[in-house]
Amino acid sequence: MGLLTPTRPHSYLAIATPGRRMPPLDLAAAVLMALVWGLQVVAVKIGAVQLPPLLMVGLRFVVMAALLLPFTGLPPRALLRPVALIALFTGGLHFALVYLGIARIDAATAAITYQLAPPFTVLVAWAWLGDRMRVPAILGMALAFAGVVILAGGPGEAQDLLGVGLVAAATMAFAVGTVLTKRHGPFDALALNAWIALLTAPQILLASAIVESGQLPAMAAADWRGWGAVLYTALTGGIAGFWLWYWLLGRHPISRVAPFTLLAPMFAILGGVVVLGERPGLAVWLGGALTLLGVALIQVLPALRPARG
């Protein structure tokens, strides 16, 4: 899941030409992509029990950078400034906020709230790039935001509003980073992930040193579950999930691939129930249905018209 959403330029905004139907292998790859992104939320919940959230995400990026940089090298000087800006929003702000938020709320609410990333991306592109919104995008955003409001304050739900707000703010930071990526790109996908990891790790670890405490004792006391959560978020969501996404985009139009990301919240809810023992209430199901319907309108139908001129 960027936690659940890709960094590729135009990932929400581009419209590919129609292609053939997905063969069984491609369908399996698309479902696997949604599965590993959805279970990211569960892994973060498990890891946050033993490791401070900011430390955990900082370690995630250390692992990613160590694994990817030997294949990509350092960013060239000409790209350092735009990549640093993208890393600030897509990496530092986005992941710090989302990990802090996930640590405070249940997996189902976190996964569904994170689906605000596509509406926010469309909104930022409209405000920044001058693209014109289509009617399905406006309706989709209204439904998505209404769903999150129900999630946060629905009857019988005792949600941590700060946690919901942190995850929502993370999606806005990611939306800004996505539009920056579109504006300054295109970039090589593997290289951009490596460079973001390289530049984000020190940001997050510095923030952890400032606002968290007990990092070294927590690392010493963490067992296979804590370290397994760090490795899972780095290897599956950070590397494998994005590799599957880019592989599928190379074979199919984005309009066919993007809807599979809507399965990620369902896997997160299922993982929360099976692994964490969570029992989502009525507001989660109702708010989740509205949010996913709104995101589906944005993902499946063209959201923006290019600006004239």
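Tabulated data
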quantity: Diffusion constant of the range 190-230 at 4 °C, which comes from Stokes-Einstein with the Kirkwood Cα-pair radius and 1.567 mPa s, µm²/s; calculated: 109
quantity: Solvent-accessible area of R225 with every protein chain in place, 1.4 Å probe, in Å² to the nearest 10; calculated: 120
quantity: Cα coordinate range in the range 19-63, projected on the principal axes (Å, largest first); calculated: 46, 19, 13
quantity: P(r) of the range 46-111 over all Cα-Cα pairs, binned every 10 Å from zero, in whole percent; calculated: 18, 41, 28, 12, 1
quantity: Paramagnetic label zone (point 7 Å from Cα along Cα-to-C-beta, R81; backbone N under 19 Å) in the range 194-232; calculated: 196, 199
quantity: Packing-based order for 210-219, 191-200, 90-99, using average beta carbon neighbours within 10 Å, highest first; calculated: 90-99, 191-200, 210-219
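The values are calculated or read from the model by the stated rules, or taken from the named source; none is laboratory data. Keep in mind it's a predicted model, so treat the numbers as computed, not measured. Glycine also receives a Cβ, built like all others from the backbone with ideal geometry; neighbour counts cover every protein chain displayed. Note: areas computed on protein heavy atoms with side chains; ligands, DNA, RNA excluded. Shrake-Rupley method; radii C 1.70, N 1.55, O 1.52, S 1.80 Å.
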